[in-house]
Structures are given as structure tokens and as C-alpha cells.
Amino acid sequence: MSEVLGDFIRALRAADIRVSTSESIDAGNVIDLVGFDDRAILRDALSQVLAKSEDEKQAFTETFDTYFSFEQFKKRPASVEAANENDGSEGQESEESGGESEGGEGDDPSQSGSSSSPGGGSGGERQGERAPAPDLVSLLERGDQAALQMALAEGARQAQLNRIRLFTQRGMFTRRIMEIMGLDGLNEEIERRETAGNRESAERLAQAREELRGQVRDYVEKQLEIFTANSGRQLREEVLAQMRLSNVDRSDMRIMRDLVRKMAKRLIALHSRRKKVARRGTLDVRRTIRANIEFDGLLFHTIWKKTKVDRPKVMAICDVSGSVAQISRFLLMFLYSLQEVLPNVRSFAFSGELGETTELFEREKLEQALVEVLRDFGGGSTDYGRAFEDFEALAMNDIDHRTTVLILGDARSNYGDPRSDILKLVHARARRVIWLNPEGRSMWNSGDSEMRRLSPYCDKAVTCASLKDLERVVSELLRSAV
Amino acid sequence: MTTGKQGAIDDIEAIRKGFETRGYICNAHIATSIFLAEKLQKPLLVEGPPGVGKTELAKATAEMVGKPLIRLQCYEGLDEAKALYEWKYGKQLLYTQVLKEKLGDLMSGAHGLKESMTRLHDFDDTFFSEEFLEPRPLLKVLWQPGGAVLLIDEIDKSDDEFEAFLLELLSDYQISVPELGTIKARTTPIVFLTSNNTREIGDALKRRCLHLYIPFPDTDIEQRIIAARVPEMEARLRTQLVAFVQGLRQLDLKKLPAVSETIDWARTMVLLHARELDADLVRNTLNVLLKFQDDIGNVDGEINALVSKAAQAG
């Protein structure tokens, strides 16, 4: 039992469901309570201990259905069917109950030792040397599907199929399972019959062998799918998060978008609550007196003054000119996701002229909004002076002591005046000005880069080249916003 | 059959039946979760859209097991003084005053400071004792001799700190009062937590709980719910009504009508002596079902189609 459950939990983890050790123990207790008899109840019960959010429930149901299914044995192969119709009905019945639950494997006397062996791996190998393989020939001749299925599950266990990670391992595992199930004996039997002149029965057996091979291969493929459901994507995401944004391939855009959305969601979950900070040492006299009237004016309760920490007000200015377009695309994505949740995000885009994109983001879907922003504002030659002038006209009056101004750009203004005086004004009014520069620090101030003149008016100027950098900056933004 | 206090919870089907006789209609999934919560002695975290009967589930369970329901409504700023215990400051004040008066008698005949102190130490100190403790819901549950059903409603509305503070209670059914030590539950209570998902519940809390998600009910269950809650309604109208609401849930609305709204609407229909669903009637009573003006406006165009579809169902 515990081995089945262990494998199932590993499959769940592969499907992005977080299962802790204590939850695994709970799951064991649940199975003891409800048993394997009723598939629906087992699924309901397990889902309550193992999957703890709506998304996870969905993934759980899918994994449960694939993991606990044996439909490759539901249909009886035609060849064995013809060979023995007499006990067909009986086999059908037991096969059905077997298909409901994998736990039935403990019933087979040849495997009764397996459930007591602790620790999956080593126990399995030991078992492999000791346990006699069930007589495959008679199983195939009888067409006992339930027993075959058990033999297959046992073979898979001994071959440690749950360690399968790569699709190139399919053939190897198929062969190994067949061998454990007694392929050698089967081959010998076929040969023996052929030499004995019993051609017909030899052929029938050979055909059954091929069918079995197909079933084993299907089984292995399904297990591969279960155990590696997400590992490929996870690896890809990890790599992409650290890759320089300008190097991200167009084909990875879709994964990137999901990744950005996921990060934004995570940040929001972390920071979406309004916090209160008690200003220690400042007594709220009025409320304290009122609270202590019942104690005859003796000050039992002291009530301290508190400040509410509001969600940050963010204004983001994005350079979408050719040189940084690739990166601003991601910042725009990020802003879009943030704007869905935070009430106070305003976004602006510019290359020459600057315009507000807040409303567009609210109205359009992400893809469409990105296309429109890049069409309307992208492509021109960069002019920071002009952009700041426009920004002053559009938004200066709305900047207050709670506003964080976020600027993404390489500060390359084509030798035009960057109007650092406006940025100085913004800096004076805003709570914080953060500059994200996709270029490395060593490149700042080279050529037409104006970082030297602009960075004095930023509370922070950092390099932001990958998604990880972006996440760090935005997280900080949300955390320290007062 | 379901009058036995503990017997009712012994198997899943019995639980479902027990709920049904008390007017709470549910599927096997919900019954399973009650069964597990009782058997594993774990709290049950119930999530789902508002109005699907999360709170009602706790009430029905309390009624079924015949234990008192103690409810703690969460809100921002809820702290342990309101959830757990409070010292009875007034009485403590009086106590010290009484003590001061009696001090003379106590100390009479004592020679020197040392002897006085020894006597003082020997004296039973009850300043911080259970007598001066004012129990709030959580402590009440622990003190309840026969056990109780605890409902911690809308846990997502409380602060993170409060959530952390609940962890000890939820895993070991005990709480620590700094002045007294640990107070253990006399009988393990059945604990329900509900959440509307306005924020993500912490992993630590989720790990300690069973998790039940209640979605909107399907047509069959909803019909039975209405039949149980509004028995005076005719079967035909009930079928139409439920079909209409189910159709409404397919639309893109700000707030979808939940079961509680369906029940209210059914009661409205009964009050109006309606015999059949028609477009005008729906239009006039739609505000019972939908709570946003935008939604009412959006649905208006669809009413005829929905009503005719519902009429076919009836």
C-alpha cells in the first residue's frame, strides 16, 4: 500500500502539487479509513488531504485518473479470447475490480512479501532476485488479465519504473519489465513448441507475446508521462528566468508570458494585504481613556497609535524604442499583470513622444495591448527630454509622497538634453524613483548614455537584464511601500 | 436512525442521510470530508464561492452530533484578547484591594522581613488563575466538557498574525496562556474554517487542515435543496427556477447567484403566488438573485431565452 501511495505522491509532485511529509502521512491514514473499495470516495478523500487549492484539485483529479487506470487490460486481446472462452467471464470480473484499485496486488500470494518490505528501492531489488516470476506462459494461455496486470505492476515495481525520467529510457524499461515477467521462459516455451511441431499453439503464444509487449510499452509510456509531467517545463522555466531578456527566443514567448504572470501572482499574494505598523511609543490618549473607563480610569489597556500601510501607487515609464523594446515588453507584461490586482498602477510608454497606456491595459487583452503599445509608441528615436516633458504635463500633479516612479530605459537620448531638471522635480515629489537599466553598469555613461546626469535624481538605479532581476525589483517595490 | 449522538458519523452514507433529515442536502464528497474530519481529528478548511453553504455545513454538523456550535467571526484586527481570553481586570483590581486589607491579619505576629516574606510566599496566589479568566470563543470550545463544534468563519479576513496564532490550536487542540501555561481541550472539538479566498491562506495552516472545496451545486442537488428549504413550492416551478439559475451561472457575471440566492428567490416566488416562470416576473424579481446593477443590465437581454429554456426543463 505505502509504495503505491508513495509513487502516487511523487506523480502529484511532478504535476506541480505540493505535498508535505505530514500530508503524506495523513493520506496513509485516509486510505486505512476508507480503503480501496470505492474509487470515487477514495478520490474525494485523498483530494482533501493532498490538494489544497482549486488549481491543485484540478491537477489532482487528472493525475488520479491517469495514475489509477489500467485500461490497457480492460480489453481482452482477441487471440487469447479465442483460445479459452470457458473461463472468460470470470476473468472479466476480476479484471474489473482489479482495475479499480492498485491495492489489490497484495492479494496475490506470490507477491505477499512485497507490501511488508520497507523502503522502495533496495527492497525492490532484493525482491527481484528472490521472488519467482509468475508463470507467464500459463497466464497468457489462460488469458487471466487480472493476474497479468498484477504481474506487470510487480514487474514495473522491481524494474523501478518510477525512476523513469527520459523518453529514451522507454525501450530499456519495457525490456526490463518483460524480462522480470518471465520473457525468457516464454521464448523458450515458444521455441520448444516449434521444434515439437506444435506450430499452431507456438504461433498463438508468439502473438500473445507481441500483444503483451505492446501493453507493457503503453504502460511504460503512461508512467513516463505521469512522472515527468512537468519536469521539462520546470527546467525550461528555470533557464528562462535567468536568461538575459534580450536573448529570449521568440518561440519561448508563450512560456515567458506564463512565467511573468506566475511571478506577478506570487508577488501579489505576498504583498497584497494592507499592513498596519504600530508607531511604538506614541500613545493614543483618546482611545486609551475610553477603553479604560470600565476600570475606573486606571490604565490597564494602552492603545498605541497606528499607521496603515497602503498599497503602493506606482507610475511606470517604459522606453519602447528599438534598443530596449525586447525588455520593455516584459516590463509591460509585468505591469499588465500587476495592474489587474493593484488599484494604483499607471503606465506610460515612449520612444519619442510619451503617452499613457493605463486605459489600454484595462481594456484590451495582454497580447493585443502589447501589440498596440509597440505600434503606437515604439520604433521612433529615443528622446528623453521630450518624454519627460510629456510626463510632466500628464502626470506631475498626481505624483505624491506615496507614489513610486519606475523608469525602464537605457538612458540613451541621442545626444539630446535629457531634461534632468524634470526628473529632479519628480524626485522631489515622489516617494521613490527607481531606474531600471537593461545595460550592465560598465556600459552606463558610455556614448550617448545620460545615466550620469539622470541617476543623481533616482533613489535607486539598477541593472535589470533578466526576469529574476525584474522580480527582485518589483518585490522590493511592493514590500517597502509605505 | 440519526438520533444517536456519535453513531451518526460512523459511515459516509449515514452522514449524508443525517444531513438530509436536517435540511442540508449534500453529495458524497462533502459527507466524506465530515467523516474524515471526525476520524482523523483534523480541522476542515472549507472554501468556495460565497453562498454555497459553507457556514451552513458547520451548523448542520453541530446539530447532527448534538454539540453546541461556537462561532468565531474573523475580521481585520481580530486579536487573541477577543478570540481566546481576557483577564477580568475589574475583579483583579478588587482582589488586590481585598488582599491589601487582609494583609494586616496575615502578617500579624510575624517577626522580621524574612518571616513575612515566607508567609507571603505560602499564601495561595490566585491573581492569575482560571477564575479571573474571561473565556472568548476559542477558550470556550476547549473548556466545553462534552466537546463542541468550532466554526472559524472567514479566516481570510483576519490578519496573518492571527492565522499563525491559530496553528497551535489547530494541530494540538491546545493553547498557551503565558501566565497559566498550556490549556488542553477537554474533548477534541470538530473545527471548521471557512474562507472566501480574498487572500491566499498560509501553507502552514493549509497543511494542518483537510481541504474541501464546495462549488456551485449541480441541477439535481440544487433541486433537492430547494425542495428541502422551500417545501411549499410546486415541483414544476421548482424545476424551471433551478434550470433558470443554472443557465444564469453560465453567463459572464460579476457575482454569480449562489444557493442562498436561489432559496431567497424561491421564497419570493412562493410569496408572490407564482405558478410559472415568465419573463416579466423574472425581470421584476431579478434583484433578489443578482446583486449588481451591471449584472442585472447585462442579463436583461438574455431573460427571454433563459426563461423559454427553463420552461422546457419544467
Filter the trypsin sites (Lys or Arg not before Pro) in region B:87-196 to those in DSSP coil with at most 14 other Cβ atoms within 10 Å of their Cβ, and list the result.
B:Lys88
Of all trypsin sites (Lys or Arg not before Pro) in region A:359-415, which ones are in loop regions per DSSP and have a Cβ with at most 10 other Cβ atoms within 10 Å?
A:Lys365
Gyration tensor (alpha-carbon) shape descriptor, chain B, a/c threshold 1.5
prolate
Within region A:337-426, report the chymotrypsin sites (Phe, Trp or Tyr not before Pro) that DSSP leaves as loop and that have at most 12 other Cβ atoms within 10 Å.
A:Tyr415
Integer Hz, Karplus 6.51/-1.76/1.60 couplings in order for region A:7-23, x for Gly and Pro:
5, 4, 5, 4, 5, 5, 5, 5, 8, 6, 9, 8, 10, 8, 4, 5, 5
Pick from B:Trp143, B:Trp265, B:Trp87 the residue whose mean-square fluctuation is largest in a GNM of chain B, springs joining Cα atoms under 10 Å.
B:Trp87
How do A:Leu46, B:Leu212 rank when sorted from fewest to most other Cβ atoms within 10 Å of their own Cβ?
A:Leu46, B:Leu212
Arrange B:Phe128, A:Phe8 by Cβ neighbour counts within 10 Å, fewest through most, would you?
B:Phe128, A:Phe8
Modelled label-to-label distance, B:Leu281 and B:Thr188, 7 Å Cα→beta-carbon offset: nm?
5.1 nm
GNM on chain B, Cα springs under 10 Å; top mean-square fluctuation among B:Leu251, B:Leu120, B:Leu45 goes to B:Leu120
For chain B, the longest site-free run once GluC sites (Glu not before Pro) in DSSP loop states with at most 15 other Cβ atoms within 10 Å are removed:
B:77-178
Can you give the angle from 0 to 90° between the axis of helix B:219-229 and the longest principal axis of chain B, with both taken from C-alpha atoms, to the nearest 10?
60 degrees
With point charges of +1 on the Cβ of Lys and Arg and -1 on the Cβ of Asp and Glu, referenced to the Cα centre of region B:51-176, which listed residue (B:Val98, B:Val65, B:Leu84) lies farthest in the positive direction of the dipole?
B:Val98
Can you tally the net charge around B:Arg71? Count Lys and Arg as +1, Asp and Glu as -1, for every other residue whose Cβ sits under 10 Å from the Cβ of B:Arg71.
0
Could I have the simple spin-label model distance between B:Met117 and A:Gln160, label points 7 Å from Cα toward Cβ, reported in nm to one decimal?
6.9 nm
Rounded to 5, percent antiparallel among DSSP beta bridges of region A:310-479:
15 percent
Centroid-to-centroid separation of region B:190-244 and region B:27-96 [C-alpha atoms, Å]:
18 Å
Give me log10 I(q)/I(0) at q = 0.22, 0.28 Å⁻¹ for region A:156-212, Debye formula, one equal scatterer per alpha-carbon, no solvent.
-0.82, -1.06
Using +1 at the Cβ of each Lys and Arg and -1 at the Cβ of each Asp and Glu in region A:379-462, identify which of A:Leu436, A:Thr382, A:Asn414 lies farthest towards the dipole's positive end.
A:Leu436
So, with +1 on the Cβ of K and R and -1 on the Cβ of D and E, and no other charges, what is the size of the charge dipole of region A:371-482 about its Cα centre, to the nearest 20 debye?
500 debye
Fewest-first ordering of A:Val30, A:Val137 by Cβ atoms within 10 Å yields A:Val137, A:Val30
Full-extension gain in nm, A:Leu283 to A:Ser20, via 0.36 nm per residue minus C-alpha separation:
90.3 nm
Expressed in nm to one decimal, what extension gain is obtained for the pair B:Lys82 and B:Gln174 from 0.36 nm per residue of sequence separation less their Cα-Cα distance?
31.4 nm
For the A:Asp32, B:Phe128 Cβ pair and Förster radius 56 Å, calculated FRET efficiency rounded to 0.05 is 0.80
Multiplying the sequence separation of A:Lys306 and A:Asn187 by 0.36 nm and subtracting their Cα-Cα distance, what value in nm do you get?
34.7 nm
Kirkwood Rh, Cα Rg: Rg to Rh for region A:398-448?
1.02
Of B:Leu103, B:Leu286, B:Leu253, which has the largest mean-square fluctuation in a 10 Å C-alpha GNM of chain B?
B:Leu103
Let me have the 222 nm mean residue ellipticity of chain B computed from DSSP H runs of 4+ only, each contributing -39500 (n - 2.57), with the sum over all residues rounded to the nearest 500.
-16000 deg cm²/dmol
Treating the beta-carbon of each Lys and Arg as +1 and of each Asp and Glu as -1, no other charges, what is the dipole magnitude of region A:309-451 about its Cα centre, to the nearest 20 debye?
540 debye
For region B:118-162, give the magnitude of the charge dipole about the Cα centre (Cβ charges: +1 Lys/Arg, -1 Asp/Glu; no others), in debye to the nearest 20.
220 debye
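Quick note: the coordinates plus some simple rules give every number you see, no bench work behind them. Worth saying up front: this structure is predicted, and the values here are computed from it rather than measured. Note that each Cβ is placed from the backbone with ideal geometry, even for glycine, and that neighbours are counted across all protein chains shown.
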